[in-house]
Amino acid sequence: MNIELRQPDVAQKSRLKIIDVDIHPKSSVEDLRPYLSNRWWDHLHTYGSRQRQGFLKGFPYPKSQPQASRRDSWPPGGGLPASDLDFMKKQYLDFYPIEYAIMNPLSPTGQGDQNDEFSAAMAFAANEFQIEGWNRRDSRLLASVVVPYEDGEASRTEIRRRAGDRRFAHVLLRSRTCELMGKKRYWPIYEAAIEAGLPVGVHVFGTSGRPASNTGWPSFYIEDMTEHAACCQAQVVSLITEGVFERYPELKIVMIEAGFGWMPSLGWRLDKTWKRLKDEVPHLRKAPSEYLRQHIWVSTQPMEEAEEPEHLIDMMDWVGWDHIMFSTDYPHWDFDDPFVALPPTLDDKRRAQIFSGNARALYRLD
Amino acid sequence: MSGHVVAAVDEIPPGTRKLVEVEGRAIVVFNLGGDFFALTNRCPHRGGSLYHGIQTGLVQSKEPGEYCYSRPGEMVKCPWHGWEFDIRTGKSWCDPGRVRVRQYPVSVRQGTELVEGPYVAESFPVRVENNYVVVEA
């Protein structure tokens, strides 16, 4: 059978509901114009953004497809992938049974910019546009609180501005921060997120100013793609060992697009080492893996594809069935199709948890 | 299986492809330098539409530092995750033993044969003076 014929049928008949925790509607800098002051608009056009990377334009690593997007996601009427709501409805929002989809804007957002004030102004504009440009037109599209994360206090201000607005699902960071995420400079973000009752989503990518690896600049896109697991491990270890979860027991972190196959081995390694080095980190009151499983949620895409599907199930079991949330990454090239992405052997209960139950609970979407 | 007339030969010049539907199945017909091939329009990995993929060449390397680029345009690359398939065989480049796209036999027939034979023209009249692409499905 052809997928084109099968899917609308399944979408209509099935009671399946999907809460997708990672999509990327695209905005342009012109879209942000109404929400930027003249001062920052002029700044943007005079000086441009200052990402923490050596190339003023473009990415520090190659991409495999234009705009890193599915080649069939370019709207027929023109514009970038996921910039046209009508086409996005046809290809994604209405094509699949999407109940909610969380927008994680990656650019233009000003995140990680060297200029803190500019970063804050861009984050504000990106948040306004998520509401005015997307959520108002389709309430299934939930926003992320984009924060200028290298400036903790400015981030706190932006989170407080959005506190109580249920159209925002979580606070959004990118994984390649300037310093490790457990460091004090980022604590205001965690405090404000808890105050606002929001989880903190960490989406892979960003530019830290350092190579993706910790020993030099990789040559290939495949290295960039694979390294996210290493970067996210370092971030999670930092959050745990700096005692962030002891200080902020209500903090909930969502690792987005980072996979999760690395989590069990990280937990085992941490626990083993912790038993020998407890006196170095006396502020940890329990085994590191317990913080990991209690405070970290993961999104599914891009799942590791094990030779034996049962191995994937074992890894999910370790992560925790209530901490795994479905994501597609629409419109990006490594998109996961909801109808075929999950291992076929998953039972209905777990399938429902992953497709919507866990996100509904975490984001309080009832 | 029966033969289905899916296009006039002129409609699919060398280097291009056409998406057709045969008995409810979406099929992509490729013309590689005059040879026609038909693959199901569904990537066996996760279901991407191969019609929307780019056609590319085969890059191989016998050893690091050496490469060989051959067969330009004869591989189709899935628009989603980039899996590559040999248009001539339907076999995937990264796992040819296990993963392949379903292939359908294709032939070019003269209009004179078709108007009398057991063929089905999907959406257009067949004229005796032309040549047509026929997919067996």
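If I model segment B:1-134 as equal point scatterers sitting on the Cα atoms and use the Debye formula, what is log10 I(q)/I(0) at q = 0.15 Å⁻¹?
Scattering profile of segment B:1-134, log10 relative to I(0): -0.72.
Identify, among B:59, B:119, B:89, the residue whose Cα sits farthest towards the positive end of the charge dipole of segment B:3-136, taking +1 on the Cβ of Lys and Arg and -1 on the Cβ of Asp and Glu, with the dipole about the Cα centre.
B:59
In segment A:251-339, which GluC sites (Glu not before Pro) fall in coil by DSSP and have 16 or fewer other Cβ atoms within 10 Å?
A:304, A:305, A:307
Would you mind computing the Rg to Rh ratio of segment A:248-290 from its alpha-carbon coordinates, Kirkwood style for Rh?
Using Cα coordinates only, the ratio equals 1.02.
State to the nearest 20 debye the size of the charge dipole of the protein assembly as shown about its Cα centre, where the only charges are +1 on K and R beta carbons and -1 on D and E beta carbons.
Charge dipole, the protein assembly as shown, about its Cα centre: 900 debye, nearest 20.
Under the definition of Cα pairs under 8 Å and six or more residues apart, what whole-number percent is the relative contact order of chain B?
29
Tally Lys and Arg at +1 and Asp and Glu at -1 over the other residues with C-beta under 11 Å from the C-beta of residue A:199: what net charge comes out?
Spelling it out: positives minus negatives among the neighbours equals +1.
For residue B:33, what charge total do you get from the other residues with a beta carbon under 12 Å from its beta carbon, if Lys and Arg give +1 and Asp and Glu give -1?
Computed value for this residue: 0.
Considering Cα pairs under 8 angstrom that are at least six residues apart, work out the relative contact order of segment A:15-362 and quote it in whole percent.
20
For segment B:78-124, state the average projected area of the convex hull of the C-alpha atoms over all orientations, rounded to one decimal in nm².
Computing the convex hull of the Cα atoms and averaging its projections yields 5.2 nm².
DSSP loop (so not H, G, I, E, B), at most 10 other Cβ within 10 Å: list which GluC sites (Glu not before Pro) in segment B:66-137 pass both filters.
Of the GluC sites (Glu not before Pro), the ones in loops of segment B:66-137 whose Cβ has at most 10 other Cβ atoms within 10 Å are B:66, B:129.
Please work out the C-alpha center-to-center distance from segment A:236-295 to segment A:77-132 and express it in whole Å.
Rounded to whole Å, the Cα centres lie 31 Å apart.
Considering the dipole of chain A built from charges on the beta carbon (Lys and Arg +1, Asp and Glu -1) around the Cα centre, which of A:209, A:170, A:68 is farthest to its positive end?
Selected residue: A:170.
I need two numbers for segment A:36-158: Rg to one decimal and Dmax as a whole number, Cα atoms only, in Å.
Calculated on Cα positions, Rg and Dmax stand at 15.9, 44 Å.
Under DSSP H, which helices of chain A have Cα atoms covering 18 Å or more of the helix axis and a Kyte-Doolittle average no less than -1.0?
Both cut-offs are met by A:116-129, A:221-241, A:262-277.
Tell me, how many Å apart are the Cα centres for segment B:83-127 and for segment A:144-193?
Result: 55 Å between the Cα centres.
On average over all directions, what projected area in square nanometres does the protein assembly as shown have, based on the convex hull of its Cα atoms?
Averaging across all directions leaves 26.9 nm² for the Cα convex hull.
What GluC sites (Glu not before Pro) in segment A:142-218 are in a loop by DSSP, with at most 15 other Cβ atoms within 10 Å of the Cβ?
Sparse-neighbourhood loop GluC sites (Glu not before Pro): A:179.
Given the DSSP H assignment, sum -39500 (n - 2.57) over each helix run of at least 4 residues in chain A and divide by its residue total; what's the result at 222 nm in deg cm²/dmol, nearest 500?
Roughly -10500 deg cm²/dmol at 222 nm, from the helical runs in chain A.
Every number in this text was worked out from the coordinates using simple rules, so none of it is lab data. Keep in mind that what you see is a predicted model, and the values were worked out from it rather than measured. Methodologically, a virtual Cβ is constructed for each residue, glycine included, from the backbone with ideal geometry; neighbour enumeration extends over all protein chains shown.
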